Amino acid sequence: MAARGCCPECGSAALLEDAHYAQQQLVCAACGCVLAEGLLTTTYSDEGQLREVAYSQSTGQKEQLNRCEQRGIRRVQDLCKVLRLPSVFEGTAVSYFQRALQHPSFRLVSLEKKELLVGCCVLATCRQHNWPLTLGTICSLLYAKQELVTSVYLSLQKELRISVPALSLSDLVKTHLNSFRLFQHTEDIPVLFVEDKETMLARTMQVVELASETWLVTGRHPIPIVTAAAFLSWQSLQPSARLTCTFTQFCKAAGVDLPPPARLRLKELYDVLLRMAAELAWLKVLNLDKKTVVKYIGDLLQHRIFLLKNAFCAADVEEQQRAAQAEDSSSNPLAAEGTAPDKGCPSEGKQKAVGSRRPLLPPCLLHPRKRLRTAALSASDAAVTGDDPISDSEIEQYLRGPEEIRAFRRAKVWQ
């Protein structure tokens, strides 16, 4: 093949554009060889360099689009390039954007929502192809509020009837950790803070799975719990050098935002880890707190299933224990008065151990929110009990008169 812009026959660079019967031709002035002819459009630089251009990217297609649609398509393409998405994703996102603009629900919306529609089309395309992209990434790229982007995204799914599968938690953890700056040594990050990416990813996945088994993930935004799990995993890999680092310093060094609920998720994780550590034989003698328990996260995760069974009890088991204790107190008056049982009773220690366990329930059931106290009823409303006598005139209102009886009989005949 000849060089770019040269004749393939003689190698001359003297190429001329010649209109032959209103058909553009590229001809070599030295030997007369016709290099190309019949291009649909000739204004693109790619077309000028003898490369085929799709009609959707040519000027002929753009002449049929209004300015708003052209600008939106360019925004979709630029966003796909920033996220380094495959070309197939770009075509799908552009088609979703064009369909949305033609829909009556999005045709007359504000310019701000049309800008957000660009990111929502890209997000829907990535979710359909199982590409790990979070809503927070789209919000940061578009400088938009998460609530507004969520409303546009849900309306896009509803109006265009797009089926979007849910993003798995493992893909979400990988995507969120990819944004951390702790995997390469730089001037801003000390050497002790740098960690291997695969090792930290594996440990973070184990902590997130533990949080999922203890009801800390269900019904909540996943980013705060993933951030808290990453902090604990990062500290546990080198506890001697990283225990003094706070949660805020960790997020600042990693270059990620600290979500407000992340501190609460971290506190809940500490509580779960301390309860599990109290059941491990070689950790019972140590006086562990939320700082020192981080050193033994590897041991706790290794025996996770056994420790969860011993540290927590099911809700129905707790109800049975309470019922059994009530029956024992009613049948045994000495136990109800508080007298000490026999010292040789083997079940005493077991009852104490079981009684110290709390049920494995979601935090919203263990610590329910305080409800507002309803206002007290007035004296007149409190006096109404429903037992007041009914007067005869009120009873007559519910009885049928002669005309109503005749009308009812005529209507019944037709049945």
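The values are calculated or read from the model by the stated rules, or taken from the named source; none is laboratory data. Model, not experiment: these values are computed from the prediction. We place every Cβ from the backbone using ideal geometry, glycine too, and count neighbours over all the protein chains shown. Heads up: the accessible areas ignore ligands, DNA and RNA and are worked out on the full protein's heavy atoms, side chains in. Shrake-Rupley method; radii C 1.70, N 1.55, O 1.52, S 1.80 Å.
Round to the nearest 0.05 the FRET efficiency obtained for D78 and R358 when R0 = 51 Å and r is the Cβ-Cβ distance. Display every interim value, and only then the final one.
Working: r = 52 Å, r/R0 = 1.02.
So, using R0 = 51 Å, E works out to roughly 0.45.
Identify, among V109, Q70, G91, the residue whose Cα sits farthest towards the positive end of the charge dipole of region 67-165, taking +1 on the Cβ of Lys and Arg and -1 on the Cβ of Asp and Glu, with the dipole about the Cα centre.
Towards the positive end, the residue furthest out is Q70.
Go through K309/K370; K145/K252; K252/K370 and tell me which ones have a Cα-Cα distance over 26 Å in this structure. Let's see the in-between values first.
Values: K309/K370 30 Å; K145/K252 22 Å; K252/K370 35 Å.
From the list (K309/K370; K145/K252; K252/K370), the Cα-Cα distance tops 26 Å for K309/K370; K252/K370.
Testing the spin-label approximation: label points 7 Å from Cα along Cα→Cβ at Y143 and A30. State their distance in nm.
5.3
Within region 358-381, which residues have the backbone N less than 20 Å from the label spot 7 Å out from E394 along Cα→beta-carbon, could you tell me?
Flagged as within label range: 378-381.
Given 0.36 nm per residue, what is the gain on full extension from C10 to H221 after removing their alpha carbon distance, in nm? Can you show the working numbers first?
Numbers: separation 211, 0.36 × 211 = 75.96 nm, distance 6.61 nm.
Value of the extension gain: 69.3 nm.
Roughly how many percent of the accessible protein surface of region 67-165 is carbon and sulfur, given a 1.4 Å probe and a whole-percent answer?
Details: 2850 of 5470 Å².
Ligands and nucleic acids excluded, carbon and sulfur reach 52 percent.
Calculate, for A411 and R371, the FRET efficiency according to 1/(1 + (r/R0)^6) with r their C-beta to C-beta distance and R0 56 Å; round to the nearest 0.05. Mind dumping the intermediate values first?
Values: r = 50 Å, r/R0 = 0.89.
Result of the calculation: an efficiency of 0.65.
So, counting K/R as plus one and D/E as minus one, what does the shell of residues with Cβ under 13 Å around L258 add up to?
Details: positive: K252, R263, R265; negative: D257.
Local net charge: +2.
How high is the FRET efficiency between D257 and A379 when r is their beta carbon distance and R₀ equals 60 Å, given to the nearest 0.05?
On the way: r = 55 Å, r/R0 = 0.91.
The computed FRET efficiency comes out at 0.65.
At what distance in angstrom do the alpha carbon centres of region 221-296 and region 99-138 lie from each other?
So the two Cα centres are separated by 36 Å.
How large, in percent, is the carbon and sulfur part of the accessible surface of region 170-310 at a probe radius of 1.4 Å?
On the way: 3890 of 7140 Å².
Solvent-exposed carbon and sulfur of region 170-310 make up 55 percent of the total.
Decide, for region 67-165, between rounded, prolate and oblate: order the square roots of the alpha carbon gyration tensor eigenvalues as a ≥ b ≥ c, take rounded if a/c falls under 1.5, and otherwise choose prolate if a/b is larger than b/c, else oblate.
Values: a/c = 1.24, a/b = 1.19, b/c = 1.05.
Here region 67-165 falls in the rounded category.
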